[in-house]
1. Within region 19-36, name every residue whose backbone N is under 19 Å away from a label modeled 7 Å from Cα of Lys4 along the Cβ vector.
2. Mind ranking Trp28, Trp46 by accessible surface for me, highest first, 1.4 Å probe?
3. If you rank Thr37, Thr57, Thr20, Thr42 by how much accessible surface each has, with a 1.4 Å probe, what is the order from largest down?
4. Can you compute 3J(HN,Hα) from phi for each residue in region 39-50, using the Karplus curve 6.51 cos²θ - 1.76 cosθ + 1.60 with θ = phi - 60°, rounded to whole Hz and x for Gly and Pro?
5. Just reorder Lys41, Lys15, Lys56 by solvent-accessible area, largest first, 1.4 Å probe, all chains present.
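The values are calculated or read from the model by the stated rules, or taken from the named source; none is laboratory data. Source: prediction; values computed, not measured. When we count neighbours, we look across all protein chains shown, and the Cβ atoms used for this are built from the backbone with ideal geometry, even at glycine. When the accessible area is computed, the model is the full protein with side chains, heavy atoms only, and any ligands, DNA or RNA have been set aside. Shrake-Rupley method; radii C 1.70, N 1.55, O 1.52, S 1.80 Å.
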Amino acid sequence: MAEKIKELRALIYGKFNSETEMAKSLGWSRQRLNKITTGVKTPDLWELRDLSNELKTPISAMAQIFLNHKSPNRQQKYNRRGVSK
């Protein structure tokens, strides 16, 4: 996850001088954005949309930053028959 968070920060600092500046541009608190950029909080769909719009990055690319890791609640993958793999 740390590598992915670095990707997000690179996008932010490619457009803004600080996370605080981006948070203000989004109308968010600095703490809200900081929880996302430190990996403490996973953004919901609306937050992903806002980040995507602000960073002029496709929402699919933003989602990949946060969704390319194992399930935190250890959900199992199932095959087409509904049987655990």
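1. From region 19-36, the list is 33-36.
2. Reading off the accessible areas and sorting them downward yields Trp46, Trp28.
3. The ranking, largest first, comes out as Thr42, Thr20, Thr57, Thr37.
4. Karplus values, whole Hz, x for Gly and Pro: x, 6, 10, 8, x, 7, 4, 5, 5, 4, 4, 4.
5. Putting Lys41, Lys15, Lys56 in descending order of accessible area: Lys56, Lys15, Lys41.
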